[in-house]
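Heads up, the thing below is written out as structure tokens.
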Amino acid sequence: QVQLVESGGGLVQAGGSLRLSCAASGGAFRSYSMGWFRQTPGNERTFVAAISWISGNTYYSDSVKGRFTISRDNAKNTVYLQMNSLKPEDTAVYYCGACTVVVGRGCSPADYWGQGTQVTVSS
């Protein structure tokens with residue numbers, strides 16, 4: 001059983017920065033890539049970024065490319081999402097999730113999720 005525990009998030013002004021962390025354990029979590037997704041009330045969870053544990057290859061949605069950076073620390077089994085130049089439209093609950101990369105289409109979730117962390121960007 002893959003277990004994911006998130007930390008970080010909070011309230012920040014537009015233009016500010018936040019860093020999210022996701023610690024992975026259990027099961028064969030390295031057989032998946034690790035992604036960040038976000039969800040606003042009444043909407044579906046959408047792909048933000050993903051990274052391969054093995055290759056370190058990264059993937060981003062167009063809406064965050066150039067502002068967000070995903071990285072991993074293999075020794076700590078932890079994935080990070082550095083979010084810079086935040087905008088009010090980035091406000092959402094952010095989830096880390098095990099997923100399988102589909103090139104050009106994001107990362108298909110494998111139904112292993114963290115608990116979610118709220119990110120609120122004020123204007």
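Bear in mind these aren't lab numbers, they're just calculated from the coordinates by the rules spelled out. Because the structure is a prediction, the values reported are computed rather than measured. For neighbour counting, all protein chains shown are included, and Cβ atoms are generated from backbone atoms with ideal geometry for every residue, glycine included.
Data table
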quantity: For the stretch 29-123, the fraction of alpha-carbon pairs in successive 10 Å shells from zero, as %; calculated: 17, 53, 27, 3
quantity: Order by protection proxy (mean Cβ within 10 Å, highest first), peptides 17-23, 37-43; calculated: 17-23, 37-43
quantity: Phi to ³J(HN,Hα) by Karplus 6.51 cos²θ - 1.76 cosθ + 1.60 over the stretch 101-112, Hz, x for Gly, Pro; calculated: 5, 10, 4, x, 10, x, 9, 7, x, 9, 6, 10
quantity: Farthest toward positive dipole pole in the chain [+1 Lys/Arg, -1 Asp/Glu at C-beta], among A98, M34, T69; calculated: T69
